[in-house]
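Only one structure is covered here, and it is reproduced in the block below.
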Amino acid sequence: MHRDQNGAARDEASVGPLAGFTVGVTAARRAEELGALLLRRGAAVMHAPALRIVPLSDDSELLTATKQLIDHAPHVVVATTAIGFRGWVEAADGWGVGDALLDRLRGVRLLARGPKVRGAIRAAGLTEEWSPASESMAEVLDRLLEEGVEGRRIAVQLHGEPLPGFVESLRAGGAEVVGVPVYRWMPPADIGPVDRLLDATVARALDAVTFTSAPAAASLLDRAERRGMRDQLLDALRHDVLAVCVGPVTALPLQAHDVPTSQPERFRLGPLVQLLTRELPGRVRPLPVAGRRLEIRGHAVVVDGELRTVPPAGMTLLRALARRPGWVVPRADLLRALPGAGRDEHAVETAMARLRSALGSPKLIQTVVKRGYRLALDPSADTKYGGA
């Protein structure tokens, strides 16, 4: 148990694994769920939907594809997402062709990508022929190609992002492929949040950006290009800001620009958040300072398991000191690090006093008379950290 500078008791266990980190969320669908998972673990969240979803009832492309399938039956229908399949049936009901669509689907082979979409199929009164245990589209593709697709008409429920190689492989095998666009992406109605997320990423004010669809990643890159800042964005994502994608398909637009991405083993929001709770703290080097354990996170500091909120100027000074822990950093260098401080070294002293107060322990930072300041690195750590 610790007490803050006001004497209030604080429990170390209350500091979440993502406390002090800021995570950008580009998702449009299920953004609230992802944001809630991150907040529950202590992260600050910047939400900027990079796309918006066209309502199915307004989607003329889906209506056209639905009528074509009713009029000209496919041999196989591949259903890829539960929400997409349910939305398709509901939209067809709204257009007055729901019964006709279900009658048509009862007469064809239905393949379901996984258990969730299998449940949606059965809820509609239909029965799937087969579903892969792996929930993998690659396994669906292998099965179809092994059976032979020459001359077959195959309808594929698209789910808002490309299925790389899937449609092309079927067509190369001689199939006629009909795409069913159960929801389509368009640019967001309000581009402001996206621009703010881009600015924050380039400024390294974010620790990670999450992506749950390939179109969202592509849209963010496109907006950066339009603003003339794509190279700056790519540099941030390559070196400082962690890009976390829900799966390999989502990562493709980023990987095409040599951006390293992290992906969970299971392509779900929960595992994505679990990955962040491992990756972000793992990028922080704990420092033994004045008998305390210091972790410098994105916008805050954890001292012996206690979260300390530090003003931006203080974080700038602390990062400058931590780049060479235990070494003296001259006031002039710290002044140059402070944005907008000018030439008055008094600005360093003021920011340093506020930093020490925020940390709750003035002994963490030592004043070296006429020279500058240093982190009070424990002597036993000199060999390990002194030359960092």
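The values are calculated or read from the model by the stated rules, or taken from the named source; none is laboratory data. Quick caveat: nothing in here was measured; it's all calculated off a predicted structure. Neighbour counts run over all protein chains shown; Cβ positions are idealised from the backbone, glycine included. These area figures cover heavy atoms from the full protein model, side chains too; ligands, DNA and RNA do not enter into them. Shrake-Rupley method; radii C 1.70, N 1.55, O 1.52, S 1.80 Å.
Taking H as built 1.01 Å from N, whose amide H comes closer than 5 Å to the amide H of V209, not counting residues under 5 places away?
G24, L242, A243, V244
Ordered by residue, what ³J(HN,Hα) values in Hz, to whole numbers, does region 165-175 give under the Karplus form 6.51 cos²θ - 1.76 cosθ + 1.60, where θ = phi - 60° and Gly and Pro are x?
With coefficients 6.51, -1.76 and 1.60, one gets x, 5, 5, 4, 5, 5, 5, 5, x, x, 8 Hz.
Taking the chain as the reference, fit the longest principal axis to its C-alpha atoms, fit the long axis of helix 312-322 to the helix C-alpha atoms, and give the angle between the two in degrees, 0 to 90, nearest 10.
Result, in degrees: 80.
Using a Gaussian network for the chain with springs between C-alpha atoms less than 10 Å apart, which of these wobbles most: G20, G291, G314?
The residue that fluctuates most here is G291.
Provide the convex hull volume over Cα atoms per residue for the chain, in Å³.
Convex hull of Cα atoms, per residue: 176 Å³.
Select from L37, L144, L276 the residue whose mean-square fluctuation is largest in a Gaussian network model of the chain (Cα-Cα springs shorter than 10 Å).
L144
In region 253-323, what percent of the accessible surface is made up of carbon and sulfur (1.4 Å probe, ligands and nucleic acids excluded)?
On region 253-323, the fraction of accessible area on carbon and sulfur atoms equals 50 percent.
Report the local net charge at M46: Lys and Arg +1, Asp and Glu -1, summed over other residues whose C-beta lies under 11 Å from its C-beta.
Charge balance near M46 sits at -1.
Ordering D195, D235 from largest to smallest accessible area (1.4 angstrom probe), what's the sequence?
Descending order: D235, D195.
List the residues whose amide H sits under 5 Å from the amide H of V182, counting only those 5 or more places along or on another chain, with H placed 1.01 Å from N in the peptide plane.
L158, G160
When only the heavy atoms of the protein chains count and the probe is 1.4 Å, how do K370, K116, K363, K67 rank by accessible area, highest first?
Descending accessible area places them as K370, K363, K116, K67.
With everything on Cα atoms, drop me the angle between helix 137-147 and the longest principal axis of the chain, reported from 0 to 90° to the nearest 10.
The two axes meet at around 30 degrees.
Hey, if we sort S357, S219 by accessible area with the 1.4 Å probe, largest down, what's the order?
Largest accessible area first, the list is S357, S219.
Using the Karplus curve 6.51 cos²θ - 1.76 cosθ + 1.60 with θ = phi - 60°, work out ³J(HN,Hα) for each residue of region 290-302 in order, rounded to whole Hz, and write x for Gly and Pro.
My calculation for region 290-302 gives 6, x, 10, 9, 10, 10, 8, 9, x, 10, 7, 10, 10 Hz in order.
Each label point is 7 Å from the Cα along the Cα-to-Cβ direction; what then is the distance between the points at E225 and E279, in nm?
Between E225 and E279, the simple spin-label model gives 2.4 nm.
Go ahead and run the numbers for FRET between E32 and E265, Cβ-Cβ distance against an R0 of 35 Å, rounding to 0.05.
Computed FRET efficiency for E32 and E265 comes out at 0.90.
Quick check on the chain: helices-only [θ] at 222 nm, where DSSP H runs of length 4 and up contribute -39,500 (n - 2.57) each and the sum goes over total residues. Nearest 500, please.
Mean residue ellipticity at 222 nm (helix-derived): -12500 deg cm²/dmol.
Helix 31-40: angle to the longest alpha-carbon principal axis of the chain, degrees 0 to 90, nearest 10?
The angle comes out near 30 degrees.
Kindly list the residues of region 303-317 that lie in the label zone of S357, defined by a backbone N under 12 Å from the point 7 Å along the Cα-to-C-beta vector.
Taking a point 7 Å out along Cα→Cβ of S357, the residues of region 303-317 whose backbone N falls under 12 Å are 311.
Under a 5 Å amide H to amide H cut-off, with H placed in plane at 1.01 Å, what residues pair with R308 once short-range neighbours are removed?
HN-HN under 5 Å from R308: V301, V302, V303.
Using the charge dipole of the chain (Lys, Arg: +1 at Cβ; Asp, Glu: -1 at Cβ; taken about the Cα centre), state which of P264, M186, W130 has its Cα farthest towards the positive end.
The residue sitting most towards the positive pole is P264.
Return the carbon/sulfur percentage of the accessible area of region 57-203, one whole number, probe 1.4 Å, all protein chains in place.
Taking all protein chains in place, region 57-203 shows 49 percent carbon and sulfur surface.
Once the piece of chain linking I83 and R324 is laid out straight, how much longer is it, given 0.36 nm per residue of separation minus the C-alpha distance between them?
Separation in residues times 0.36 nm, less the Cα-Cα distance, equals 81.6 nm.
Please identify, among L234, L145, L206, the residue showing maximal mean-square fluctuation in a Gaussian network model of the chain using a 10 angstrom Cα cutoff.
Largest GNM mean-square fluctuation: L145.
Where only protein heavy atoms count, and the probe is 1.4 Å, what is the accessible area per residue for the chain in Å²?
47 Å²
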